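Structure first, commentary second.
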Amino acid sequence: MNKKYLVAFLSIILFAWGAFAADKANWGDDVYIDADGVIYAGTGMTIPYQIHAAADTLTINEGSKLHVFGNATEYALTLPAVSTAAGIHYHIVVGLSPSGTSYTVITNASENKITGVATVAGESVAASDEDTVTFTLDAAIIGDYIDLYSDGVLWYVSGQAFAATGIVFTGT
């Protein structure tokens, strides 16, 4: 990946985490990812992250990490039961555009507990008692993301996708 695109991508991620450096001139060569998967920014801040290449069930211990869809084939990330996740936050981002089919984030045991709103192609898309978030094939692009926060009762979602239907909420 071209270095200037990596710095721009990391700037977006760090901004979403509320840690954007006011003096962007200091970023230059100071942004890199080490062999352990830790992102280092010019401010000295590190962000733990995990690149997912296959279906996975997220754990409570993986909260506050950047989770990246890093394989272009379809798979799902499953959230822990909402009742066990009070105070947990997941930031999930598309690292490779889906190819062949879509990426999904699903609740444990199809709990209809996802509520919130995402900005999709500049429009607000609401989620109310949903169990699936889909980053859709041919619409989701690198950088589309969602944030999920739990209070132990619901998963509160916010996010952003560039293209119409880039993020879709559904419930069963």
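The table below gives the values:
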read-out	value
Of all residues making up segment 128-144, the number that are part of a strand (DSSP E or B) and either within 16 Å of the chain's Cα centre (by Cα) or touching a residue at least 60 places away in the same chain (Cβ under 8 Å) (or both)	4
The lone exception for residue 144 - which of (1) more than 16 Å from residue 95 (Cβ to Cβ); (2) buried (at least 17 other Cβ atoms within 10 Å of the Cβ); (3) charged (D, E, K, R) it fails	(1)
Subset tally (residues that are assigned to a strand (DSSP E or B), modelled with pLDDT of 95 or more and exposed (fewer than 13 other Cβ atoms within 10 Å of the Cβ)) for segment 48-90	1
Residue match in segment 148-169 (condition: acidic (Asp, Glu) and part of a strand (DSSP E or B))	no
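One line per residue, one yes/no per condition, for (1) among the aliphatic types (A, V, I, L, M); (2) at pLDDT 95 or above; (3) crowded, with 18+ Cβ neighbours inside 10 Å; (4) under 18 Å from residue 165 (Cβ atoms):
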| residue | (1), (2), (3), (4) |
| --- | --- |
| 100 | no, no, no, yes |
| 103 | no, yes, yes, yes |
| 118 | yes, yes, yes, yes |
| 122 | no, yes, no, yes |
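The values are calculated or read from the model by the stated rules, or taken from the named source; none is laboratory data. Since the model is a prediction, treat every value here as computed from it, not as a measurement. Every residue, glycine as well, gets a Cβ built from its backbone with ideal geometry; the counts of neighbours run over all protein chains shown.
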